[in-house]
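K.L.:
The structure is given below, and queries will be raised subsequently.
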Amino acid sequence: MRVSGDGTHVYVSGTSWGGDPATGGTSDDIETIAYDPNGHVLWSRRYNGPGNTADDAVAEAVGPGRVYVTGFSETADHVAEFVTVAYASTGTFLWAKNFDDPGTAFDAASGIAVAGNSIVVVGTLGTRRRNLSDETLAYAPDGTLLWSTPLRVGPNPPFCGYVFLCDPSIAASPGGGRVFVAAQRRDAGFVTAAYRASTGASLWIRATETKGWQQSAPAAIAASPNGRRVYVTGTGCTPQCFADEDVRWEHYAAITVAYAGRGVKKWTRLIRGDGTQAVGVAVSPDSRTVYVAGNVGAEDTCQCFLAVAYLAADGATRWSNATRAGTAEALAVGPGDERVFVTGENYVCPGGHCNFFDRTLSFSTTGQLMWDRSTRTPGAAQAIAVGPAGRQLYVTGSTGVFSRNEDFLTVAYSTS
């Protein structure tokens, strides 16, 4: 989900079933919807790749008068490739580009950012033996491939995809001159790289070893509005995490690392706790505070949304709030009075049958829970965005989770 810079368009992208290809259907398609601020559908577009097989959306970015969607598209031979699709704000289809590494079979983009005149995409290249590497590439506004560069971080990390989300994340500097990528390195913590957005030239690469938490995976990356810092957050676990093939949640931690603009590590902070994981990071408009969202509590205990505020200068904890609410998925920070918003899902299990519901929490800058909202529609929230004026909050996800009748669910709330 993204909101246009002028606040007139709320874009939602996801995956929509187009029917069985054997009977004339299009399998999974990428669907993109544009709403106005009042929830009226301005347009809806579906993208079905040339292979007429699976096409999945995973991330969006907005530029002046445009929205870009990235994910993966399968060929007729079921070889997955990066796909990036561009639309005008009017819904006019502009272009779609696939990117494939000839030596791999399972390639999927995981993030996208607009940096100046470059549309930068990051993702994972995978072989049939599950050996992974990461790739960053950039397109011009007309879809011309400008550059691509690999980030070799070693073989597939252990248990990647089992508990951790191992896909690389991307963020752009405020001026658009640089892009930052966070990835996972086998038994060596986080790898963070900076590139010049226009050329792909490497500016710096840092592998931050999280001692004692060898199996660590970043979940999100954010650049400060003043351009001076880059923050990466994710989850680490000790070697005991997977003892006897059983997840041991007590050995988890949410890890956040701060880098100066040239890649100098400034501080690292860990939050240890039963089932603690990080899912998102954001920086306050004045660049003074870093917010991290995640989860704490194993499946049979708390299951709480976790929101933490750090001082950007030294990583000191301003506040921390664990609210019993379920599983957090995304984080956003609003301008104005700088509210912090976390969304995800909650589940209620009467008689052993669990129902999932969307849930969104609002925190003040002091960590006080301001409001707790849910549509009570069975489903789950997965993405969140604040309008540029800071008055409206948008949440999107799906209804009918784990059923055959899922729909997109998009909700607008007042931030106050």
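K.L.:
Out of the stretch 7-53, which residues are at pLDDT below 95 and of a type in the set (D, E, K, R)?
P.N.:
D20, D28
K.L.:
Another question about this same structure. All but one of (1) modelled with pLDDT of 95 or more; (2) within 22 Å of V296 (Cα to Cα) hold for T238, so report the exception by its number.
P.N.:
Answer for T238: the failing condition is (1).
K.L.:
Of the residues that make up the stretch 124-144, is at least one at pLDDT below 95 and at positive phi?
P.N.:
So far as the stretch 124-144 goes, yes, one or more of its residues are at pLDDT below 95 and at positive phi.
K.L.:
Counting only residues that are over 19 Å from V283 (Cα atoms) and not hydrophobic (A, V, I, L, M, F, W, C), which one in the stretch 319-335 is surrounded by the fewest Cβ atoms within 10 Å (Cβ to Cβ)?
P.N.:
For the stretch 319-335, the residue satisfying everything is R324.
K.L.:
Counting only residues that are among the small types (G, A, S) and not in a strand (DSSP E or B), which one in the stretch 35-67 is surrounded by the most Cβ atoms within 10 Å (Cβ to Cβ)?
P.N.:
G49
K.L.:
Still on this structure, please answer the following. Which of the residues that make up the stretch 289-318 are surrounded by fewer than 17 Cβ atoms within 10 Å (Cβ to Cβ) and over 19 Å from N346 (Cβ atoms)?
P.N.:
L311, A313, D314, G315, A316, T317, R318
K.L.:
Go over the candidates V41, V62, V69 one by one and state the one that is touching a Phe, Trp or Tyr at 6+ places or on another chain (Cβ under 8 Å), within 23 Å of Q392 (Cβ to Cβ), of a type in the set (V, I, T) and free of Cβ contacts under 8 Å to residues at least 40 places away in the same chain.
P.N.:
The conditions single out V41.
K.L.:
Restricting attention to the stretch 68-114, which residues are outside any strand (DSSP E or B), modelled with pLDDT under 90 and within 24 Å of A172 (Cβ to Cβ)? Reasoning before the result, please.
P.N.:
Filtering the stretch 68-114 for residues outside any strand (DSSP E or B) gives 75-79, 89-92, 100-105.
Subsequent filtering for residues that are modelled with pLDDT under 90 retains 75-79, 100-105.
Matches in the stretch 68-114: D101 only.
K.L.:
Could you please tell me which pairs satisfy a Cβ distance under 7 Å, a separation of 6+ or placement on different chains, a first residue in the stretch 85-108 that is free of Cβ contacts under 8 Å to residues at least 60 places away in the same chain and of a type in the set (F, W, Y), and a second residue that is part of a loop (DSSP other than H, G, I, E, B) and surrounded by fewer than 19 Cβ atoms within 10 Å (Cβ to Cβ)?
P.N.:
If the second residue must be part of a loop (DSSP other than H, G, I, E, B) and surrounded by fewer than 19 Cβ atoms within 10 Å (Cβ to Cβ), the pairs left are W95/G143.
K.L.:
Right, another one. Out of everything in the stretch 365-394 that is among the basic types (K, R) and not in a strand (DSSP E or B), what residue ends up being farthest from L306 (Cα to Cα)?
P.N.:
R391
K.L.:
Filter the stretch 241-261 for residues that are at pLDDT 70 or above and not in a strand (DSSP E or B); which is farthest from Y195 (Cα to Cα)? I'd like the intermediate steps shown before the answer.
P.N.:
So in the stretch 241-261, the residues at pLDDT 70 or above come out as 251-261.
So of that shortlist, the ones also not in a strand (DSSP E or B) come out as 251, 261.
Values: H251: 34, G261: 12 Å.
It comes out as H251.
The values are calculated or read from the model by the stated rules, or taken from the named source; none is laboratory data. Just so we're clear, the structure is a prediction, and the values are computed from it rather than from any experiment. So basically every Cβ, Gly included, is an ideal-geometry build from the backbone, and we count neighbours across all protein chains shown.
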